1. Please determine, in degrees from 0 to 90 and to the nearest 10, the orientation of helix 59-68 with respect to the longest principal axis defined by the Cα atoms of the chain, where the helix direction is its Cα long axis.
2. Among DSSP bridges having both ends in the chain, what percentage is antiparallel? Round to the nearest 5.
3. For the chain, find the longest principal axis of its Cα atoms and tell me its angle to the long axis of helix 149-171, 0 to 90°, nearest 10.
4. Provide Rg over Rh for segment 7-68; use the alpha carbon set for both Rg and the Kirkwood Rh (inverse mean inverse pair distance).
5. Express the relative contact order of the chain as a whole percentage, based on alpha carbon pairs under 8 Å and six or more residues apart in sequence.
6. Report, in degrees rounded to the nearest 10, the 0 to 90 angle that the Cα long axis of helix 7-21 makes with the longest principal axis of the chain.
7. Suppose each label sits 7 Å from its Cα in the direction of the beta carbon; what would the residue 30-residue 125 distance come out to in nanometres?
8. Report the FRET efficiency, 1/(1 + (r/R0)^6), for residue 105 and residue 49, where r is their Cβ-Cβ distance and R0 is 35 Å, rounded to 0.05.
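Coordinate-derived values only; no laboratory data. Every value quoted in this text rests on a predicted model; they were computed, and no experiment measured them. All Cβ positions, even for glycine, are placed from backbone atoms using ideal geometry, and neighbour counts span all protein chains on display.
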């Protein structure tokens, strides 16, 4: 019978490597948090506690940094983070309809922002700095301008097709 390695050790292996790469330097807390969020797509509470211990810092200080910056998230997010600009130009051009379309298509709402399969997270943001392309939507780092309901459907369909293809290739 195979013995499964310690689950906690596996869970924190990546965190330990990130802390090592940053030489246990507490002045590098923000880059450490960024790298961990890149790996996990959010900052799990048990990981924040582990970071505090590893860097010999108060847990409250690590949480303080993680909650101060809007970039960090303490809640799990999907593989594809869809940000919809709701700034003035985008709002006037229909960003609220775009949000409603995404919520409907992904079975989400203003209180439930991540799909059950952890594939998509939808966020309304104040400004994406692309007012001339209003309404604007960003999926991970890719910017989509002048997005209407039809274009939104096409973007979601393309992402889902790419995911299906990637899964098929992995299984082959």
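1. 20 degrees
2. Given both bridge residues lie in the chain, the antiparallel proportion sits at roughly 55 percent.
3. The answer is roughly 40 degrees.
4. 0.91
5. 17 percent
6. Once rounded, one gets 90 degrees.
7. My value for the distance between the label points is 1.7 nm.
8. On the way: r = 37 Å, r/R0 = 1.06.
Approximately 0.40, to the nearest 0.05.
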